[in-house]
Amino acid sequence: MSSLSERQKDELHKAILEYLHANNFTDAFNSLKADAGIDYDPDPKAKYAGLLEKKWTSVIRLQKKIMDLENRNATLQEELSLSPAKRAQMQTDWVPRAPAAYVLTGHRGQILKVAFHPAFNLIASASDDSTVKIWDWETGEFERTLKGHTRAVNDLDFDSKGNLLVTCSSDLTIKIWDPQNDWRNTKTLTSHEHTVSSVRFMPGDQQIVSASRDRTIRIFDVASTHLVRTIVGHTDWVRCVAPSDDGRLVASCSNDQTARISDPLTGETKMELRGHEHTLEVVAFAPVSSYAAIRELGGLPDNDRSKRPGAYIATGSRDKTIKIWDTISGQMIRSLAGHDNWVRALVFHPTGKFLLSASDDYTIRVWELTTGRCIKTVQAHGHFVTCLAWGRMSGPDEAAKPNGTATDDKAAEEHKFVNVVASGSVDKTIKIWLP
């Protein structure tokens, strides 16, 4: 046992004496006081009050952290024992596994969305507590809180270079924040007539697309904040909206149990997708990297149209299923069943091999796209899992460093894909999942 300094011994004895007195262990209190030769009078306001309990709970927390780190170390050692080729394959195909590297706490309400900065090691979280928080995902450290909305912040998105952050809220507004200018709220858009559920930058970052409980999808010009177009068609609350990678299509989903594919230039509905039996919570365009796997899943031919962005989407619903669709024919390619509760979030794996989903059953599931099988289930949170995001980073020439944050240019060396996933939950925490 390591020896304590005289000062440390004195503080330990007094903390023990305070504990014994608080719990009415009078004989033990008097015995220790006499044996240690300490002249100490208990004081409930003194610094020793409750100190022993605090130290004990700190030890328990540290023990848990040590166990998590030991588990993580064992996993890493196992990976290091593999051949270089096998390790490279594992890194490429990496999917979340317990335990999470960090658990970020600080929000006073459920987490509704998370988004990674495209160039630096930052993540933004939107919460039911009306705030947005900025975190360093590499260290798990809190950076700052963005205040401005007066009700729940339902969604958020960085532009492609990380120069702007857009948020939307139940307060009927959309706000644009400037990371380069101390994260100030520089613009507020007020056009929707009810809760704004979803917001995204359109490719090119010149426009923003949003979805609302007022049953509309709206497109705004970022520079002027003018409303460019209102797209109608859904007959109930529009929960989620997402543009295709080339910006030629917009996918949306609604309480009306449909997903729609629309032309953002004309507002015309290209396709209405029916098949779910409850509210659709999320819609996501499949990346081109996943097309081969999706074609194999559905037994579809390889043709020219299936090589362009926007050919396939995935939808998640309160009916507990995920469905993969062909956006041109409207054909449902496959329904993925396995979750025991609402499906809240979907993200495609960058390799195109997997689809990740999050659910009110507290789990994140990994689906193999070629077969439609759930190949992994992660017990992710202690409550409903509301959102998922996959980290990506671009080069330093494509993004400006946000002011007032603890990041540096080492976080943005070269254009590369980063293996990091974030999830948020009704349990008020964000979890960071690293290799």
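The values are calculated or read from the model by the stated rules, or taken from the named source; none is laboratory data. These numbers were taken from a predicted model, which means no experiment stands behind them. Cβ coordinates were reconstructed from backbone atoms using ideal geometry, including for glycine residues, and neighbour counts include every protein chain displayed. Heavy atoms of the whole protein, side chains included, go into the accessibility calculation; ligands, DNA and RNA do not. Shrake-Rupley method; radii C 1.70, N 1.55, O 1.52, S 1.80 Å.
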Rh (Kirkwood; distinct C-alpha pairs) - the stretch 172-331, Å:
16.2
Give, rounded to the nearest 20 debye, the magnitude of the charge dipole that the chain has about its Cα centre when Lys and Arg contribute +1 at Cβ and Asp and Glu contribute -1 at Cβ.
620
Would you check the accessible area of Glu143, probe 1.4 Å, heavy atoms only, in square angstrom rounded to 10?
40
What full-extension length gain, to one decimal in nm, is calculated for Glu6 and Ile66 as 0.36 nm per residue of separation minus the Cα-Cα distance?
18.7 nm
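Protein chains only, probe 1.4 Å: how do Leu369, Leu12, Leu69 rank by accessible area, largest first?
Leu69, Leu12, Leu369
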What base-10 log of the normalised intensity I(q)/I(0) is obtained for the stretch 87-227 from the Debye formula, alpha carbons as equal point scatterers, at q = 0.10, 0.15, 0.16 Å⁻¹?
-0.35, -0.74, -0.83
For the stretch 109-212, give the percent of accessible area contributed by carbon and sulfur heavy atoms, probe 1.4 Å, rounded to a whole number.
39
Accessible area per residue of the chain at 1.4 Å probe, in Å²?
46
Rounded to the nearest 10 Å², the accessible area of His226 using a 1.4 Å probe with every protein chain kept is 120
So for the stretch 95-155, taking the charge dipole from beta-carbon charges (+1 Lys/Arg, -1 Asp/Glu), which of Thr139, Thr105, Pro118 sits furthest toward the positive end?
Thr105
Once the Cα atoms of helix 6-22 and of the chain are each reduced to a long axis, what angle between those two axes, in degrees from 0 to 90 to the nearest 10, is obtained?
80
Go from 0 up to the bin containing the longest alpha carbon distance in the chain, width 10 Å each, and give me the % of pairs per bin.
4, 19, 28, 22, 11, 7, 5, 3, 0
With a 1.4 Å probe and every protein chain left in place, tell me how much accessible area Arg373 has, in Å² to the nearest 10.
130
Quick one: order Met332, Met67, Met202, Met271 from most to least accessible surface, probe 1.4 Å.
Met67, Met332, Met271, Met202
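Counting each DSSP H run of 4 or more residues in the chain as -39500 (n - 2.57), what helix-only mean residue ellipticity at 222 nm follows after dividing by all residues, to the nearest 500 deg cm²/dmol? Before the final figure, lay out each step's value.
Working: 5 runs with 75 residues, N = 435.
Theoretical 222 nm ellipticity from helices: -5500 deg cm²/dmol.
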